[in-house]
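Trainee: Here's a structure for you.
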Amino acid sequence: MNRRTFVELALLGAPATLMGAQAAKRMALPTREQREWQDLELETFIHFGPKTWPRSGSGKLYTPVEEITPEKLDVEQWADVAESMGSRQIVFTAKHGAGFCWWQTETSPYGVKEISWRHGKGDVMRDLAACCHRRGIKLGVYLSPRDLVFGVETGGRSVDPAGQENYNRIYRQQLTEILSRYGNIGEIWFDGNLIIDVGDILQRYAPKAMVFQSQYCTIRWVGNEIGFAPDPNWNAVSAEAARSGVATAKDGDPEGDRWLPVEVDARIRSEWFWSPTNEATLKSLDELMAMYYRSVGHGACLLLDQGPDRSGLIPAGDARRTAEFGAEIRRRFTKSLAETRGRGSTVELQLGRTAAIDHVITMEDLAQGQRVREYRIEGLIAGEWHELAVGKSVGQKKIDAFKPVDVSAVRWHCTKSAAAPILRKLAVYHVGAQGPGQAGPPPIYHTLYEWNEQSLPADANVTWDLNIGPYCAEAGQYEVTLVVTGGGGILLRSATLFMGGVETPEFVKRPAGTDRVVLVSLPGVNPSVKLRMVVSRRRDPSFGQVMLRRID
């Protein structure tokens, strides 16, 4: 045992199970900027673009500019809605996959300078940056690598190889414009990964920005778009997962060597963009609160989407629901009954009286890493300690909810850790409301293909091209499994994923220890997603199915 660990244990008290002196030495640690980003907890996403307007005519690649008319666009109203929720950052889709640019640029023929709004002189990025600066709100930007104007698919991959070099230049110029003109940018979204080298641009203009996906990532996608992070939720991943640029919450590894916290992007309606047909899908307050418990309450940041309508305003009903959401969060958690902080395996909180509680919030001091691996919360009831909740990860924040109980003290006890725990907060509440309830419905299985000994000859490699897009209605993570229902075995030789006809190897992987499973991570909805599987079987007859299920 080294001196540091010995002194630490002597002063703080060793937990029931300490996972070794070397664990603390190897522990992944966040940068200051990552800690500040995790403290945001709530962010607002703004999806606004050609999809907000209907596409007219046939054979058109994208919405004509004459149809894009946001005559009442008001970024101050967007900021009002964000602030009503308690959001401390707005991430704006400066360019989504359709390629429309909401700032003045010469790189594309499809943008704000081509529409009638403000006679082509408008600049939403400029207006929003000024608004956020004035209000003290951080500003993030979504700059899609995919761009239909230039025939470019996921990750910035050109469908035409000859056009790749040209698009590399265009995208680098777009990113330079965004990062050099509008002041400090707190977060940059390279949705769907980015194969273009932009490291020099990031280093020059936004060295402290949080980066979503790509080889430059400092935060990672949760892996779904329905508003929840897993429990436990680990902030670290392996170096290999980080290098992929597309790690998700499922890559979380408590012993990982790279800090890469989780962001949960979710919609207030059923779709990212406003539509006259999705008003009825506006989430209820209970649904939003369940989302809060399962994202922020699991130690992640929640990035909740708002879709301005064709006038350029967030609809009144959506704005009211967002304000109700923020008000309910504040009602429940602004003021605790009692709170403390502490170091070591046991932290005790005396209430000074007997009081009813139904929630406990725990937060680790992440500057020292995510140390807790398992814990137990107990309440002192009539002089005896009773278990209230158990868990594994704490991290940025863990919200434990339970039935109301009268206690005079609460004791948090760590039963397994990588090093002596350090809590920045242990707080108790009586909110008079239930927690998030149970998780969603069980997964739905889809049959992609059925084989038998006639369709799968023995001792030969057979290629199956499976169109999985129609079965993947949501961005998320999917498991494709070869299920043998009779006869001999089958072996998966290789698996390759194509989006829009372009190979995207980073979104498919084979889990260790199995030769029949493929994991696919889809960053967006794309009906032309194809999985190519090369398989073989032994001489024994074999039949079965290729099954797909969502694993969020």
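The values are calculated or read from the model by the stated rules, or taken from the named source; none is laboratory data. All figures in this text were calculated on a predicted structure; none of them were measured in a lab. Glycine also receives a Cβ, built like all others from the backbone with ideal geometry; neighbour counts cover every protein chain displayed.
Trainee: Do the conditions hold for Gly120, that is, is it on the phi > 0 side of the Ramachandran plot, surrounded by 18 or more Cβ atoms within 10 Å (Cβ to Cβ) and in the same structural domain as Ile46 (by TED's automatic domain parsing)?
Mentor: no
Trainee: Which residue out of Ile185, Ile178, Ile170 is part of a loop (DSSP other than H, G, I, E, B), in the same structural domain as Phe212 (by TED's automatic domain parsing) and at negative phi? It would help to see each step written out before you state the result.
Mentor: Details: Ile178 fails: part of a loop (DSSP other than H, G, I, E, B); Ile170 fails: part of a loop (DSSP other than H, G, I, E, B).
Within the list Ile185, Ile178, Ile170, the selection yields Ile185.
Trainee: Those residues that are more than 23 Å from Leu148 (Cβ to Cβ) and at pLDDT below 90, I need them from the stretch 511-534; list them, please.
Mentor: Pro511, Ala512, Gly513, Thr514, Asp515, Arg516
Trainee: Evaluate the stretch 298-305: report whether one residue or more is in contact with an Asp or Glu (Cβ under 9 Å, 6 or more places away or on another chain) and not assigned by TED's automatic domain parsing to the domain that holds Ser116. I'd like the intermediate steps shown before the answer.
Mentor: Of the residues in the stretch 298-305, the ones in contact with an Asp or Glu (Cβ under 9 Å, 6 or more places away or on another chain) are 298-305.
Then drop every residue that is not not assigned by TED's automatic domain parsing to the domain that holds Ser116, which leaves none.
Among the residues of the stretch 298-305, not one is in contact with an Asp or Glu (Cβ under 9 Å, 6 or more places away or on another chain) and not assigned by TED's automatic domain parsing to the domain that holds Ser116, which makes the answer no.
Trainee: Conditions first: (1) at pLDDT 90 or above; (2) assigned to a strand (DSSP E or B); (3) farther than 30 Å from Ile329 by Cα. Glu506 passes all but one, so which condition is the exception?
Mentor: The failed condition is (2).
Trainee: Read through the list (1) in a loop (DSSP other than H, G, I, E, B); (2) at pLDDT 95 or above; (3) touching a strand residue (DSSP E or B) at 6+ places or on another chain (Cβ under 9 Å), then give the number of the only condition that Ile90 fails.
Mentor: (1)
Trainee: Does the stretch 359-371 contain any residue that is outside any strand (DSSP E or B), within 23 Å of Tyr293 (Cβ to Cβ) and either among the hydrophobic types (A, V, I, L, M, F, W, C) or more than 32 Å from the chain's Cα centre (by Cα) (or both)?
Mentor: yes
Trainee: Something else now. Of all residues in the stretch 372-408, which are of a type outside the set (A, V, I, L, M, F, W, C) and over 25 Å from Ala300 (Cβ atoms)?
Mentor: Glu378, Gly379, Gly383, Glu384, His386, Glu387, Lys403, Pro404, Asp406, Ser408
Trainee: Can you tell me which residues in the stretch 198-240 are small (Gly, Ala, Ser), within 28 Å of Gln174 (Cβ to Cβ) and part of a helix (DSSP H, G or I)?
Mentor: Listed by number, the list holds a single entry, Gly199.
Trainee: Related question: Among (1) buried (at least 24 other Cβ atoms within 10 Å of the Cβ); (2) touching an Asp or Glu at 6+ places or on another chain (Cβ under 6 Å), where does Trp102 come up short?
Mentor: With (1) buried (at least 24 other Cβ atoms within 10 Å of the Cβ); (2) touching an Asp or Glu at 6+ places or on another chain (Cβ under 6 Å) applied to Trp102, the lone miss is (2).
Trainee: I've got another one for you. Is the stretch 273-286 home to any residue that is under 20 Å from Ser144 (Cβ atoms), surrounded by fewer than 23 Cβ atoms within 10 Å (Cβ to Cβ) and either out of contact with any helix residue (DSSP H, G or I) (no Cβ under 7 Å at 6 or more places or on another chain) or assigned by TED's automatic domain parsing to the domain that holds Tyr171 (or both)?
Mentor: Yes, that holds for at least one residue.
Trainee: Test of understanding: among Ala433, Ala420, Ala427, which residue is exposed (fewer than 15 other Cβ atoms within 10 Å of the Cβ), among the aliphatic types (A, V, I, L, M) and touching a residue at least 40 places away in the same chain (Cβ under 8 Å)?
Mentor: Ala433
Trainee: Here's something else I'd like to know. From the list Ser494, Ser417, exactly one residue is of a type in the set (Ser, Thr, Tyr) and over 30 Å from Leu366 (Cβ atoms). Which is it?
Mentor: Ser494
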